[in-house]
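Shown next, in structure tokens, is the structure this report addresses.
Values quoted throughout were computed directly from the atomic coordinates according to the rules given, and no laboratory measurement underlies them. On a predicted model such as this, the values are computed, not experimentally measured, just so you know. Note that we place each Cβ from the backbone using ideal geometry, even for glycine, and neighbour counts take in every protein chain shown.
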Amino acid sequence: MTTPLRADEALASLCRAGLATRIDAAAFAAACDEERGGAPLDAEIALSALASIYGVRGPSEASAVDRAFVVDEHAAADPAVLGAVWLALERWLEHPIPVAVATDLDELVSYAGDLCFLRRHAGAASEAPYLFSIERWRTRDDTPYSLYVLRSDGAPLYALGVPVQFHVHPDTEAAAAGIFRTDGLTSSYREHAPACAACRDALRGAAARGALPDVFQALLG
Ligand SMILES: [Zn+2]
């Protein structure tokens, strides 16, 4: 059995991951007490406490300073929450995000994850952040929630000891590696490829081998 955490230790480990950076220690300890309901404090409960302070309806003042936000299951389809997430991602990534993907949280984070991933493609802008998420259940009432975080280095997040998801669409990742799947053209790749020398080479190479699916042909210009 692992030794229960103290609230200050839990807060320090979140801070090492760039989370909870402006959260007051006493407020965090109180949130931990509320979430744990007498159970020993662990990483799971500490994240629930963080989510309750960040708020579970998208970016808030407390979460935005950490370039992070939480959305719980009940808030995921709320247009006001989607709008706030859309706006924050556009601001943080300094890039417009098509309204077509902003009507669904999964599509929105998938697009943003791709955008981040493709910015680092072929060695460009190596300090650009990636999009990560941590999906958990709030300990107090078992409600699923997701914590989304932009980070240029994911290692401090993985060190939290809970599963961390790296966001990139499998079709985007495949296309960026020169594997072009039938029907595998994502909108993020369509925007990226024409301006990327490595992608243009890969597209031309596949076309020369007769291995380029029709949907990708238009990218050759
Ligand atoms: Zn590329």
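Roughly speaking, what is the stretch gain from residue 3 to residue 104, that is 0.36 nm per residue apart minus the C-alpha to C-alpha distance, in nm to one decimal?
Once the chain is fully extended between residue 3 and residue 104, it gains 32.3 nm.
Here each label is just a point 7 Å from Cα along the line to Cβ, and for residue 217 and residue 95 those points are 2.8 nm apart. Local charge for residue 44 was computed over the other residues whose Cβ lies under 10 Å away, with Lys and Arg +1 and Asp and Glu -1, and equals +1.
Please sort by residue number the trypsin sites (Lys or Arg not before Pro) in region 6-79 whose DSSP state is loop and whose Cβ has at most 13 other Cβ atoms within 10 Å. Walk me through the numbers on the way to the answer.
Numbers: sites: 6, 16, 22, 36, 57, 67; in loops: 6, 22, 67.
Passing sites in region 6-79 are 6, 22.
Can you classify region 1-86 as rounded, prolate or oblate using the Cα gyration tensor, where a ≥ b ≥ c are the square roots of its eigenvalues, rounded means a/c under 1.5, and otherwise it's prolate if a/b beats b/c and oblate if not? Prolate shape, in that a/c is at least 1.5 and a/b is the bigger ratio.
When Rg and the Kirkwood radius Rh are both evaluated on Cα atoms of the chain, their ratio Rg/Rh stands at 1.05.
Shown in residue order for region 170-175 are the 3J(HN,Hα) couplings computed by the Karplus curve 6.51 cos²θ - 1.76 cosθ + 1.60 at θ = phi - 60°: x, 5, 5, 4, 5, 4 Hz (x for Gly and Pro). The residue among 197, 218, 52 whose Cα reaches farthest toward the positive pole of the charge dipole of the chain, with charges on the beta-carbon of Lys, Arg, Asp and Glu, is 197. Taking all Cα pairs closer than 8 Å and separated by 6 or more residues, the relative contact order of region 50-91 comes to 36 percent. Could you work out which residue, out of 104, 66, 24, moves most in a Gaussian network model of the chain, that is, has the largest mean-square fluctuation with Cα springs under 10 Å? Result: 24 has the largest fluctuation of those listed. Taking the charge dipole of region 7-168 about its Cα centre, with +1 at Lys and Arg Cβ atoms and -1 at Asp and Glu Cβ atoms, the residue from 116, 10, 21 reaching farthest to the positive side is 116. Charge dipole (Cα centre; +1 on Lys/Arg Cβ, -1 on Asp/Glu Cβ; no other charges) of the chain amounts to roughly 740 debye.
What area, in nm² and to one decimal, does the C-alpha convex hull of region 7-53 cast on average over all directions?
2.7 nm²
Applied to region 56-64, the Karplus parametrisation 6.51 cos²θ - 1.76 cosθ + 1.60 on θ = phi - 60° returns per-residue 3J(HN,Hα) values of 10, 10, x, x, 10, 4, 5, 8, 5 Hz, with x for Gly and Pro.
Counting only the Cα atoms, region 134-187 fills a convex hull of 125 Å³ per residue. May I ask you to derive the FRET efficiency for residue 197 and residue 21 from their Cβ-Cβ distance with R0 = 45 Å, giving the value to the nearest 0.05? After rounding to 0.05, the efficiency reads 0.75. Between the beta carbons of residue 165 and residue 74, assuming R0 = 25 Å, the FRET efficiency works out to 0.75 to the nearest 0.05. Ordered by the count of other Cβ atoms within 10 Å of each Cβ, fewest first, 137, 92 give 137, 92.
Over all directions, the projected convex hull of the C-alpha atoms in region 170-221 averages 3.0 nm² in area.
Applied to region 86-102, the Karplus parametrisation 6.51 cos²θ - 1.76 cosθ + 1.60 on θ = phi - 60° returns per-residue 3J(HN,Hα) values of 4, 4, 5, 5, 4, 5, 5, 8, 6, 7, x, 10, x, 4, 4, 9, 8 Hz, with x for Gly and Pro. All other residues whose Cβ lies under 11 angstrom from that of residue 181 are scored, Lys and Arg at +1 and Asp and Glu at -1, for a net of -3.
Electrostatic bookkeeping for residue 135 treats Lys and Arg as +1 and Asp and Glu as -1; over the other residues with beta carbon under 13 Å from its beta carbon, the sum is -2.
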